[in-house]
Structures are given as C-alpha cells and as structure tokens.
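Asker: Shown below is the structure under consideration.
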Amino acid sequence: MTLKLSVNKKEIITSIVIIVILALSIVYISKAREYNDLCSKVCFSGFSVDGSIIDALLLREDKLYCTCYTIYGNSKIPISSLK
C-alpha cells in the first residue's frame, strides 16, 4: 500500500512568500533595535532615526541619521559613524 501526497503549487509558493516575509521582518526589527540603541547612547535628551523609507528597507546605514534634540538645536549624526 502506497500513500500519495498531493501538493498544490500555489500553497508552496504562498508558504515560501510567508517565510521570506517573516525572515525579513526579523532582520528589520533587529536592525531597528540596534539603531535605537546606538542613538540612545549618543543622544541624552531625545532622538529620532531619520532617513528615507527606501534607505531603511535597503539597510543603507550611511544614509540613515540619528537626530538628537537639545535646547540648543538639533544635530544629525550618521548611523554608520556610530558603529
């Protein structure tokens, strides 16, 4: 007696897409935490991570900035220089 399994190609493709999206989400979340930690070590009062969404998605650290807010004015520090 043999058992035949039928596998739908659409289900396989959908599963692969979901796995890729989950993997990318994990990478982006860990990078966001890393950038947040780097900025919090440099900026004492308040900060934001600035840059375009394209640069963030492509993980271009040289085009992402840590903007520190102080009473004297704001200063931008490239994230690539903080590593």
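Asker: For region 28-54, name all the residues that are within 24 Å of Tyr72 (Cβ to Cβ) and of a type in the set (S, T, N, Q).
Answerer: Passing the criteria: Asn36, Ser40, Ser45, Ser48.
Asker: While we're on this one: Determine whether Leu82 is of a type in the set (A, V, I, L, M, F, W, C) and under 20 Å from Ile26 (Cβ atoms).
Answerer: Numbers: of a type in the set (A, V, I, L, M, F, W, C): yes; under 20 Å from Ile26 (Cβ atoms): no.
For Leu82, the condition - of a type in the set (A, V, I, L, M, F, W, C) and under 20 Å from Ile26 (Cβ atoms) - is not met.
Asker: Within region 41-73, track down each residue that is touching a helix residue (DSSP H, G or I) at 6+ places or on another chain (Cβ under 9 Å), assigned to a loop (DSSP other than H, G, I, E, B) and touching a residue at least 12 places away in the same chain (Cβ under 8 Å).
Answerer: Listed by number, the residues that qualify are Gly51, Leu59, Leu64.
Asker: Give me a count of the residues in region 21-65 that are within 9 Å of the chain's Cα centre (by Cα), more than 13 Å from Ser80 (Cβ to Cβ) and exposed (fewer than 14 other Cβ atoms within 10 Å of the Cβ).
Answerer: 11
Asker: Filter region 1-20 down to the residues that are among the aliphatic types (A, V, I, L, M) and surrounded by 10 or more Cβ atoms within 10 Å (Cβ to Cβ) and list them by number. Quick ask: steps written out before the conclusion?
Answerer: Of all residues in region 1-20, those among the aliphatic types (A, V, I, L, M) come to 1, 3, 5, 7, 12-13, 16-20.
The answer is Ile12, Ile13, Ile16, Val17, Ile18, Ile19, Val20.
Asker: Something else: When you go through (1) in contact with a strand residue (DSSP E or B) (Cβ under 6 Å, 6 or more places away or on another chain); (2) in contact (Cβ under 8 Å) with a residue 40 or more places away in the chain; (3) of a type outside the set (A, V, I, L, M, F, W, C) one by one for Lys76, which number turns out not to apply?
Answerer: Unmet for Lys76, out of (1) in contact with a strand residue (DSSP E or B) (Cβ under 6 Å, 6 or more places away or on another chain); (2) in contact (Cβ under 8 Å) with a residue 40 or more places away in the chain; (3) of a type outside the set (A, V, I, L, M, F, W, C): (2).
Asker: Against the conditions (1) exposed (fewer than 14 other Cβ atoms within 10 Å of the Cβ); (2) over 14 Å from the mean Cα position of the chain (by Cα); (3) on the phi < 0 side of the Ramachandran plot, where does Cys68 fall short? Just the number, please.
Answerer: (1)
Coordinate-derived values only; no laboratory data. This structure is a prediction, so every number in the text was calculated from the model and none was measured. Every residue, glycine as well, gets a Cβ built from its backbone with ideal geometry; the counts of neighbours run over all protein chains shown.
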